Amino acid sequence: MKKIFMLLSISLALFIISCGEKKDIDTKETPAVEQEQKGESMSNSESANAKLESRRAKGDTIAIDWKKYPNIMPEISGFTKSSPDISSINAMGISYSSFIQDYKNGDNKITITIIDYNTAVEMFSSAAGWKNFKMQTDNEESFSSVQEYSGAKDTWIFEKYLKNEKDANVVFAVNDRYFISINANNQTSIEYAKGIAEKLVNDNKNIFFK
């Protein structure tokens, strides 16, 4: 459970960082652009709520029990899986669940996290708020990017690579419901972590887009 709330805090921090980095890029932002961003944010919120109402109409109001999908996490060559951390919360009309899987190979570590927010739309919006801010930055210390993902509908991708620490983080916001994060250390670029994330999303479209 602590991992879930820590992840939410990290997500909110990424959201704040994304906003700050965008302002650094475009310091001459006009009121018209600000209004356009607010409109985009409202549209995304409306989309998420519309999908929630559609799920409710079909009786889909409980977040996925990830214990029923033990094979959703990929095998990663050279790495050994630890026991997964699977949990869920259903209270006061709010339902979300998580599946956290660690992989190790010596000092190398990969962590994959999937969260199904289902009826917790406000929490999803906070965790994936960065998807409203398309941007890309590259400097001596880090590379980061937010863009719509062309490989799956209604999906956005956040990438951040810390060059000195060699730490790669890739996050997908999927179908206004799922939050998928891959973190890998000792990386020379973002590409390895991104490849894992893309495979996870594309191999499980029957779950994420049902």
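The values are calculated or read from the model by the stated rules, or taken from the named source; none is laboratory data. Every value quoted in this text rests on a predicted model; they were computed, and no experiment measured them. Note that we place each Cβ from the backbone using ideal geometry, even for glycine, and neighbour counts take in every protein chain shown.
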### Query
Which residues, counting only those in region 171-203, are assigned to a strand (DSSP E or B), within 28 Å of Ile62 (Cβ to Cβ) and small (Gly, Ala, Ser)?
Ala173, Ser181
#### Entry: Residue count for region 54-81, restricted to those that are charged (D, E, K, R), at pLDDT 85 or above and either surrounded by 11 or more Cβ atoms within 10 Å (Cβ to Cβ) or more than 21 Å from Lys205 (Cα to Cα) (or both)
3
### Task
Give region 97-116 a look and list any residue that's touching a Phe, Trp or Tyr at 6+ places or on another chain (Cβ under 9 Å) and either part of a loop (DSSP other than H, G, I, E, B) or under 27 Å from Lys58 (Cα atoms) (or both), or say none.
Ser97, Ser98, Phe99, Thr113, Ile114, Ile115, Asp116
### Query
Which pairs have Cβ atoms under 9 Å, sit 6 or more apart or on different chains, and link a residue in region 121-142 that is among the β-branched types (Val, Ile, Thr) to one that is surrounded by 14 or more Cβ atoms within 10 Å (Cβ to Cβ) and in a helix (DSSP H, G or I)?
Val121/Ser45; Val121/Ala48; Val121/Asn49; Val121/Lys51; Val121/Leu52; Thr137/Glu21; Thr137/Lys22
#### Entry: Top-ranked residue of region 132-142 - restricted to ones that are modelled with pLDDT of 95 or more and out of contact with any Ser or Thr (no Cβ under 7 Å at 6 or more places or on another chain), ranked as surrounded by the most Cβ atoms within 10 Å (Cβ to Cβ)
Ser142
### Message
Being of a type in the set (Val, Ile, Thr), within 20 Å of the chain's Cα centre (by Cα) and more than 22 Å from Glu198 (Cα to Cα) narrows it down to one residue among Ile114, Ile86, Ile72, Ile94; which is it?
### Response
Ile94
### Message
What pairs come out if I take residues in region 143-165 that are part of a loop (DSSP other than H, G, I, E, B) and pair them with residues that are of a type in the set (Ser, Thr, Tyr) whose C-beta lies under 8 Å away, six or more apart or interchain?
### Response
Tyr149/Thr155; Asp154/Ser47; Lys163/Ser142
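Any idea which residue in region 117-128 is farthest from the chain's Cα centre (by Cα), counting only those that are of a type outside the set (Asp, Glu) and assigned to a helix (DSSP H, G or I)?
Taking region 117-128 as the starting set, the residues that turn out to be of a type outside the set (Asp, Glu) are 117-121, 123-128.
Filter once more, keeping what is assigned to a helix (DSSP H, G or I): 121, 123-127.
Values: Val121: 14, Met123: 12, Phe124: 9, Ser125: 11, Ser126: 11, Ala127: 8 Å.
Only one residue fits best here, namely Val121.
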## Note on the structure
The one condition Asp203 fails out of (1) under 23 Å from Asn71 (Cα atoms); (2) in contact (Cβ under 8 Å) with a residue 60 or more places away in the chain; (3) surrounded by 17 or more Cβ atoms within 10 Å (Cβ to Cβ) is (3)
### Query
Does Asp167 satisfy being crowded, with 16+ Cβ neighbours inside 10 Å and charged (D, E, K, R)?
yes
### Every residue from region 174-189 that is buried (at least 22 other Cβ atoms within 10 Å of the Cβ) and free of Cβ contacts under 8 Å to residues at least 60 places away in the same chain
Val174
